[in-house]
Amino acid sequence: MSSCSAAEIAEKKRIALEKLRAKKANLATANNNKQISANQPKVAPNIIAAAPTTNTAPRIENKASSFLDALKGSNIFKQRQETQHLARDAAHPYKRPASLGDVGSFNKRKSVEAVNDKPSGPILGLGQPQKTAVASAFLNSVSCRVTMISVARFEVQPSGYHSKLIEVFKTIPSKSYDPTTRYWNFALSDYKTLQERVNNLKPDVVMGIIPKAVLNLCLAPPKQLDNSCLESLEPTLASKLMPFQREGVSFALSQNGRCMICDEMGLGKTYQAIAVADFYKEDWPLFICTTASTRDSWANHIRQLLPYVPLHYIQVLNCNQQYIGDCKVLITSYSMMERNIQQIMNRKFGFLIFDESHSLKNPKAKCTMVADRLCQQAKHVLLLSGTPALSKPVELFSQLQMVDRKFMGFIDFTTRYCDGKQTNFGWDANGQSNLKELNVVLKLKFMIRRTKAEVLCDLSEKFRETVVLDPALVWPSDEIKESLDSVSKTLQCSKGHEREQILLRFYAQTAEVKTKAVCAYLKQQVKEPKKFIVFAHHRVMMDAICECLDKLKVKYIRIDGNTRKHDRGEFIDTFQKKQSCKVAVLSLGACNSGITLTAAELIIFAELTWNPSTLAQAESRAHRIGQQNPVTCRYLMASKTADDHIWNMLKVKQDVLNKAGIFCEDLQDATHTSAPTTSNKIDKYYTPIKTSNTDTAQQASSTTIHKQSNSPSSLLGLDISKEIENIEDFFQDEDDEAFKDILC
């Protein structure tokens, strides 16, 4: 049997009294009618006799109807009916929120106002009635979001202005107002005091809370980093650690060997991870999972930095039949880890290192689930990545779970930091929220991250440039230009999955139309003495670049997804050590991490990609420890192509990652230039020059225009194939002989 609250009992009592009052009113009316009929003169017997047969039923109906009318007319009945309707609408699972101009919402607001404005006089002399509760969704209340902005301070973000709330804020001793954001922030020690004072303003003000796990983390005393424990490290390794790397090792030890080392690319995360593993060597065997291209590099580092480990105890897992029962150090790739999970689980590794841990960003991927099983079994887990999240905060969750799976569940984490919400298509966690607090949590418990600017004052500078390619080479015909223009217009009108598919097709078509312009630019670049790297994504672009270099007789290396792992190391050594090897043509997907190419001083991006973290990783192949010269990163872009859309996407994504403290680059901070055009060189081959005054004036005007504007926009209507009468004369220069066939 369900129990009733005091308010429900009082309401039922009022309804019963209202019914009793209606019955008494009906009885009084009936008595008055009897007295009136008794005072009237008597009529004929036949009429009196006929009266009972004709008026009995209507008299009964009139009594019932009069009782119902009296009940419906009572204020209690109207109030209860309105309350039931409001509660029913609020509980509707698919109720669409009414707009301000909606008639239904206007009627509901009027009904709420009528209930609130009803006089609170006594009913039948039985005391004051209690105020009926109204759903909070229909009250004009102010909600406040509470979030941490630093280890010692939190911020309150009201949804609107409330004078009494501001008065409460001013009573807190540690108050501070930020005129830029228009939010108030307070010391964490005043958190409970503020909550208690704001609770008195309910239901007009609803104050949010800080999650208990976050609150306890910020209130806990800070852990002191002790560098004295580093004395037990292998001397060969300890002598090579820089001061900031020692600090990273100390942080990992303070977290009991379960954390993320997310220093910017090129700051020696490998050395720090091996040092932490050396400190916990009693908990070995050691398991290292990395990309396929860096397995041999890890094995070489283990042999050099930990000479006490016998060589036959260091194994690189290359096949499924390999025996690993006696190994002390096992190095494998993510794909091999998936295939040999049972054999790896049986070995019971006590220390795990996951290099490039952003590969584990998808919790539903088989690779991530296998890694999570290993982390539950191991005592120490290190995750290494210069870009732990490539585009959104939800990509951090699976990695944080491997470090400490008790901190937050998926729903709690995504609701707090990914603006998670339930939609008609399931749980949506692709947004971002409370990024300052997420940054605080990561630095306190999970992650240590330093940038090159912070720790390497003597590291060479890095510059960025964006180069707009020659439109005359990007658009060889009007048909191609119109085709891509139509795709661009369709992309702007599309949404959801359809937009993604159109953008992918637009991306591939952009690679095709850029090949000639990119090759023309590289033809000029190879004349310089500097070594450089060219990054591309599509095979058609990489093939065109290699064909161009072959015709120019320039020695180069090419590494993509089809390159065998045994050849990668040999190609890298060739580029690093041989002066004759001038160019490295690399795939953005296969070579954006785990490769050191400090011999290059220039990085050229023939294509863009979706994630800013991937581009930052690619830039760090040359700009890292060991680089003595300034590095220039040059992005080749074509206007009115997919580059315009992708560049804007990169800006939005990098802003989100910067707020969370897991990205430190600004791709938009670049110098904008234009590629050299061929228009000035081929003007004289258009038509024979006439000596008439009119043509002379036109020629002078054309020359003036070219001098005033060097931008590629002046070439939009240029068609090389129609304008050049003698194309052979255009290639008379010695350095143009090899490039002649490509342009044609």
Q) Taking Rh as the Kirkwood radius computed over C-alpha pairs, what is the Stokes-Einstein D of the stretch 141-192 at 20 °C in a medium of viscosity 1.002 mPa s, expressed in µm² per second? A) 191 µm²/s
Q. When you count, for each residue, the other Cβ atoms within 10 Å and take the mean per peptide, how do 538-548, 433-443 rank with the highest first?
A. 433-443, 538-548
Q: Give the long-range amide H neighbours of Lys531: residues separated by 5 or more places, or on another chain, with amide H under 5 Å away, using H modelled in the peptide plane at 1.01 Å from N.
A: Glu601
Q: Could you look at the stretch 227-454 and say what percent of its accessible area is carbon and sulfur, using a 1.4 Å probe and all protein chains?
A: 50 percent
Q) Say R0 is 41 Å: what FRET efficiency, to the nearest 0.05, do Lys406 and Gln322 get from their beta-carbon distance? A) 0.70
Q. What nm value, rounded to one decimal, do you get for the distance between Asn227 and Lys527 when each label is placed 7 Å out toward the C-beta?
A. 5.2 nm
Q) Expressed as cubic angstrom per residue, what is the convex hull volume of the alpha carbon set of the stretch 537-642? A) 117 Å³
**Q.** Förster radius 56 Å - calculated FRET efficiency between Trp647 and Leu27 (Cβ-Cβ, nearest 0.05)
**A.** 0.10
Q | Accessible area per residue in Å² at 1.4 Å probe, computed on the stretch 444-545 | A | 47 Å²
Q: Could you go through the stretch 576-588 in sequence order and give the Karplus-derived ³J(HN,Hα) for each residue, using 6.51 cos²θ - 1.76 cosθ + 1.60 with θ = phi - 60°, rounded to whole Hz, and x for Gly and Pro?
A: 6, 9, 9, 5, 6, 7, 9, 10, 10, 9, 10, 8, 5
Q) Going highest first, how would you order 348-357, 150-159, 276-285 by mean Cβ packing within 10 Å? A) 348-357, 276-285, 150-159
(Q) Only sites in a loop by DSSP and with at most 15 other Cβ atoms within 10 Å count here; which GluC sites (Glu not before Pro) in the stretch 453-522 make the cut? (A) Glu461
Q.
Need the full-extension length gain, Ser150 to Lys553, defined as separation in residues times 0.36 nm minus the C-alpha distance. One decimal, nm.
A. 139.4 nm
Q. If you roll a 1.4 Å probe over the stretch 492-607 with all protein chains in place, what percent of the accessible area is carbon or sulfur?
A. 47 percent
Q) Using alpha carbon centroids, what distance separates the stretch 143-185 and the stretch 482-513, in Å? A) 45 Å
Q. Among the listed pairs Lys443/Lys659; Lys269/Lys364; Lys514/Lys565, which are separated by more than 23 Å between their Cα atoms?
A. Lys269/Lys364; Lys514/Lys565
**Q.** P(r), alpha carbons of the stretch 462-674 - 5 Å bins starting at zero, rounded %
**A.** 1, 7, 15, 19, 20, 17, 11, 6, 3, 1, 0
(Q) So if each residue of separation counts as 0.36 nm, and I subtract the Cα-Cα distance between Lys240 and Arg347, what length gain in nm does that give? (A) 35.4 nm
**Q.** the stretch 170-286 - accessible surface per residue (Å², probe 1.4 Å)
**A.** 50 Å²
Q: Return the distance in nm (one decimal) between the two label points of a simple spin-label model at Asn300 and Gln377, each offset 7 Å from Cα along Cα→Cβ.
A: 3.1 nm
Q) Say the dipole of the stretch 462-674 comes from +1 at the beta carbon of Lys and Arg and -1 at that of Asp and Glu; which of Thr673, Gln509, Gln492 then lies farthest toward its positive end? A) Thr673
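The values are calculated or read from the model by the stated rules, or taken from the named source; none is laboratory data. Bear in mind that the values here come from a model prediction, so they are computed numbers and not experimental data. When we count neighbours, we look across all protein chains shown, and the Cβ atoms used for this are built from the backbone with ideal geometry, even at glycine. These accessible areas exclude ligands, DNA and RNA; they are computed on the full protein's heavy atoms, side chains included. Shrake-Rupley method; radii C 1.70, N 1.55, O 1.52, S 1.80 Å.
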